[in-house]
1. Within region 140-162, which residues are surrounded by 15 or more Cβ atoms within 10 Å (Cβ to Cβ), within 16 Å of the ligand (Cβ to nearest atom) and not hydrophobic (A, V, I, L, M, F, W, C)?
2. Which numbered condition in (1) more than 14 Å from the ligand (Cβ to nearest atom); (2) of a type in the set (Asp, Glu); (3) in contact with a Phe, Trp or Tyr (Cβ under 7 Å, 6 or more places away or on another chain) is the only one that residue 79 fails?
3. Assess whether residue 235 counts as being without any contact (Cβ under 8 Å) to a residue 60 or more places away in the chain and part of a helix (DSSP H, G or I).
4. Answer with yes or no whether residue 243 is more than 24 Å from residue 210 (Cβ to Cβ) and either among the small types (Gly, Ala, Ser) or not in a strand (DSSP E or B) (or both).
5. Among the candidates 136, 178, single out the residue that is more than 18 Å from residue 62 (Cβ to Cβ), of a type in the set (Gly, Ala, Ser) and either modelled with pLDDT under 85 or within 16 Å of the ligand (Cβ to nearest atom) (or both).
Amino acid sequence: MNRGKMTAAVLLAMLLTLFVLCACADDIIVSSATLDLDRLPQVQAREDSHILVAYFSTNDTIRAVAMAAADVLEGDLFEIVPAESYSEEDLNYRMPGNRAGEEQRRNARPEIVFLPEHMEQYDTILLGYPIWGGHAPNILYTFLESIGPKHVTILPFCTSNMTGPGTSAVNMQTVTDASVTWLPAERIANHATEDDLRAWAQSLVTKVTDVKESGEMQLKIGDTEVSVVWEDNDAVRELKRMAAEQQLSVEMSMYGGFEQVGPLGVSLPRDDHQITTVSGDIVLYSGNQIVIFYGSNAWAYTRLGHIEDQTPSDMRKLLGDRDVTITLRMDGQ
Ligand SMILES: Cc1cc2nc3c(=O)[nH]c(=O)nc-3n(C[C@H](O)[C@H](O)[C@H](O)COP(=O)(O)O)c2cc1C
């Protein structure tokens, strides 16, 4: 072969390789994130975590996002594993009758190998899934229907080649109980870097905290649940955050013939002002004690709230003749 022919053959071979590569690239139906899974920290289950990061992933993209989120949020990681795993053929959405598309068409409920063991411990679920044909894969519905009635907030997140979350989360919402709160779904770009993921997961920390603090805090005096209008201040926000972590019990003691006082065990942000309290007022005294009044007193306190459904004589009955224990808990606990 002379030099000219050789160059032409090499060029042809290069062009052919390029053509084959392009054809293959076009055929890649599932792309994965630019992440090295082995470099992401392994997330351990924690006994006391209130956050579950549940995900379904067939090609590791969502898995990487879920791992970063669980690590940053100190959540438990749970993989939704199908009883029958998906082959490449099953996922080839260009092939008529492919399993992934068929399951969506038939509104199937693909079986899951096992479900999280201690679902009762979680108040927040981050739910990760790939977009399939513009929607969530049907196995997500199997998972969601297993939750039943539960006071939990779901933050859905997805990855896709280019389609946004669309109505994927709104559709999933239809199969969960009314006690479940849904936040709008977020899409994370397939080419997200590890730093992008960590920044995104960090933004969820604030979101999860906001959700917890926006709930209602319930107060029980002994066995009686009372209705409270809580103040909008840093002390109440901190109290709600603590109550969201775990129900708070405070041993109260009668004092002065007009109030009961109990130690919180921690200091809350103070904004003390001289006030004259009335029956039903709840205040913070000295930054670290909660006081509930059935009478009146003038002192510098930080207001926490006011009990609105008990008359002064009801309050006296609740607090006026023995020491009580009060409990504070957030909705759904
Ligand atoms: C069956 C199937 C259907 C898909 N449909 C879409 C789609 O409608 N829009 C899109 O942008 N990407 C689509 N994709 C791509 C995936 O959403 C994307 O690659 C996702 O990041 C995969 O996540 P995973 O690697 O965790 O499984 C589809 C992938 C599969 C397997």
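The values are calculated or read from the model by the stated rules, or taken from the named source; none is laboratory data. Values in this document were obtained by computation on a predicted structure and should not be read as measured data. So basically every Cβ, Gly included, is an ideal-geometry build from the backbone, and we count neighbours across all protein chains shown.
1. 141, 156, 159, 160
2. Going through (1) more than 14 Å from the ligand (Cβ to nearest atom); (2) of a type in the set (Asp, Glu); (3) in contact with a Phe, Trp or Tyr (Cβ under 7 Å, 6 or more places away or on another chain) one by one, residue 79 breaks only (1).
3. No, not satisfied.
4. Against the criterion (more than 24 Å from residue 210 (Cβ to Cβ) and either among the small types (Gly, Ala, Ser) or not in a strand (DSSP E or B) (or both)), residue 243 does not qualify.
5. Working: 136 fails: more than 18 Å from residue 62 (Cβ to Cβ).
Answer to the check: 178.
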